[in-house]
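Notes follow once the structure below has been shown.
The values are calculated or read from the model by the stated rules, or taken from the named source; none is laboratory data. All of these numbers come straight from a predicted model, not from anything done at the bench. In this analysis, Cβ positions are derived from the backbone assuming ideal geometry, glycine residues included, and neighbour counts consider all displayed protein chains.
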Amino acid sequence: MKLPPLLVSVTALAVAPLMQSQVVDLGSQRELMVDHYLIDTMEGAELRLQEPHNEGVAFAFDRPHEGAFSGYVSIVTLPEGAGYRAYYRGLPVAVGAGSPEEITAYAESRDGITWSKPVANVVVDDMPKVTHNLSVFYDTKPGVPADEQWKGIGGLNDGGLVRVVSADGLRWRKLMGDTPLLPAVPQTESAYRYDSQNLAFWSEAEQHYVCYYRNVRDVEGVGPRVRLIGRATSPDFRRWTDEGEMTFRRADGSAAPVEHLYTNQTGPYFRAPHLYVAIAARFLPGRQVLTAAEAAQVGVNPEYFNDISDSILMTSRGGTVYDRTFMAGFARPGVGLSNWTSRTNYPALNVIPTGEAEMSFFVQKAYGQPDHRLERYSLRLDGFASLHAGYDGGAMTTKPFRFTGETLEINYATSAAGSLRFELQDEAGNALPGFALADSREIIGDQVARTVAWTSGTSVAAWAGQTVRLRVVLKDADLFSFRFK
């Protein structure tokens, strides 16, 4: 039986009086229902985590230089709609980090659904400490030199994080020689720092490069060497400032419980780049499911069935805070013993569009096993989470904000009996003339782009630049995102 989507209750959230809320400059950016950034009050409504759908195998790690211990996948969007590449570590045998056997390989796809590999798909094989965990991105910063359009970082404790660059993503060289992005750390000081998929990207919203890296420290009540996340920034990919450890915030503003996060997989969401989405690997060391006999049955390496993992959803709007609005698992391991072994279920970096109303992310399956592979998971566009109300109905009112644009566009779904209505209010919460709930046209259906209308029409241009609020009343419905345009 299919389990229902998971819920986060918001009935206990402390909400400030309406007039005390800070005004948000929304502009025309798309806002997703993944955090409480814009939410002031909710009655009978909640934020609901959606359930990704497993679409099956994208490709197997089946080349002789790939194999059971391949990993740390980066999904990179090519310029000008040319498709996608998946970069990853190739490693057929269990060896220590930084071994010469570790290489960087790639697969490619036009649509993100069907993948293939060139005959020669190895792109880096002469930088062993870099190829252990090399993470790649295409640099979208304006004015980047052509021979540095592709960038990547990789490395371990003893050498720090190393920068590499390329003109085409196929032939790579070190940037600034052996000078690391972040310095080497003695093993005794911070064991296993950087020993994961550290990543970087150009932030359009923050106007600088951002790096999220593996950090490790002892946490009282959790254990020694807990896998955490740090952040650094740079104006030019050369000079970096370490901003320290990321913190985790629950829906009510309190600190979230600390968990081992093996990979962070943080990146700008392609339809709302001011919002960073992290589909991170949650790791539970020592939490064993399989017996030795069951491990032998699935063919997993004997060293890799003593722990389990799944993925969780976090978001960030810059700075050193992640919103853990949802503490529950996002993509569960799934049916079958092979899904409950160590280091499997690790998500790849980045979410990509794979249809007019669909987006996808990718997850490694059967790590340390003969059929190690990458699988695709789909969601509706913007559909990480939703503002949801059941049959009895509910409502949400935003904080005061200013917008630019002429119309209000929504991404939504209702049942046949469900509906949504919208009200524009002034800063004090009074309905604006002609935009009250009574004036709102009832919205029924399921569309990723629908323009909201009132009896007077669809234009809200008269209120652009002024401080307003938006009230949403919904019944048996989900609102995934909205924007003024």
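Residues of the range 68-86 include at least one that is of a type in the set (A, V, I, L, M, F, W, C), within 25 Å of the chain's Cα centre (by Cα) and surrounded by fewer than 16 Cβ atoms within 10 Å (Cβ to Cβ).
Tallying residues that are part of a strand (DSSP E or B) and more than 23 Å from Val73 (Cβ to Cβ) within the range 177-220 yields 4. Residues in the range 456-485 that are over 16 Å from Arg48 (Cα atoms) and among the polar types (S, T, N, Q): Ser456, Thr458, Ser459, Gln466, Thr467.
Condition check ((1) of a type in the set (D, E, K, R); (2) part of a strand (DSSP E or B); (3) in contact with an Asp or Glu (Cβ under 9 Å, 6 or more places away or on another chain)) across all residues:
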| residue | (1), (2), (3) |
| --- | --- |
| Val448 | no, yes, yes |
| Ser459 | no, no, yes |
| Gly465 | no, no, no |
| Arg469 | yes, yes, yes |
| Lys475 | yes, yes, yes |
| Phe480 | no, yes, yes |
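Among the criteria (1) of a type in the set (A, V, I, L, M, F, W, C); (2) surrounded by fewer than 18 Cβ atoms within 10 Å (Cβ to Cβ); (3) in contact (Cβ under 8 Å) with a residue 12 or more places away in the chain, the one Ala348 does not fulfil is (2).
One line per residue, one yes/no per condition, for (1) more than 25 Å from Ala278 (Cα to Cα); (2) touching a Pro at 6+ places or on another chain (Cβ under 6 Å); (3) of a type outside the set (Lys, Arg):
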| position | (1), (2), (3) |
| --- | --- |
| Thr140 | no, no, yes |
| Arg171 | yes, no, no |
| Glu204 | no, yes, yes |
| Asn215 | no, no, yes |
| Asp218 | no, yes, yes |
| Asp236 | no, no, yes |
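Just so you know, in the range 87-121 the residues that are assigned to a loop (DSSP other than H, G, I, E, B) and of a type in the set (Gly, Ala, Ser) include one that is surrounded by the most Cβ atoms within 10 Å (Cβ to Cβ), and it is Gly112. Within the option set Ala453, Ala416, Ala438, Ala431, being modelled with pLDDT of 95 or more, surrounded by fewer than 21 Cβ atoms within 10 Å (Cβ to Cβ) and touching a helix residue (DSSP H, G or I) at 6+ places or on another chain (Cβ under 8 Å) holds for one residue only, Ala431.
For Val363, the criteria (1) part of a strand (DSSP E or B); (2) more than 19 Å from Arg63 (Cα to Cα) hold in every case but one, which is (2). Is it the case that some residue within the range 376-388 is farther than 30 Å from Val57 by Cβ and either modelled with pLDDT under 95 or surrounded by 21 or more Cβ atoms within 10 Å (Cβ to Cβ) (or both)? Yes, the range 376-388 contains at least one residue that is farther than 30 Å from Val57 by Cβ and either modelled with pLDDT under 95 or surrounded by 21 or more Cβ atoms within 10 Å (Cβ to Cβ) (or both). One residue stands out in the range 221-252 among those that are without any contact (Cβ under 8 Å) to a residue 60 or more places away in the chain and in a loop (DSSP other than H, G, I, E, B): the one that is surrounded by the most Cβ atoms within 10 Å (Cβ to Cβ), namely Trp240. Mind listing just one residue for me: the one in the range 45-63 that is farther than 22 Å from Val473 by Cβ and among the charged types (D, E, K, R) and, of those, farthest from the chain's Cα centre (by Cα)? Per the stated criteria, the residue is Arg63. Would you mind stating whether Asp392 is in the same structural domain as Glu442 (by TED's automatic domain parsing) and either part of a helix (DSSP H, G or I) or over 23 Å from Ile229 (Cα atoms) (or both)? Spelling it out, Asp392 is indeed in the same structural domain as Glu442 (by TED's automatic domain parsing) and either part of a helix (DSSP H, G or I) or over 23 Å from Ile229 (Cα atoms) (or both).
Note on the range 395-418: residues that are on the phi > 0 side of the Ramachandran plot and assigned to a strand (DSSP E or B) amount to 0.
Of all residues in the range 253-274, those satisfying the criterion of being aromatic (Phe, Trp, Tyr) and either in a strand (DSSP E or B) or buried (at least 17 other Cβ atoms within 10 Å of the Cβ) (or both) are Tyr262, Tyr269.
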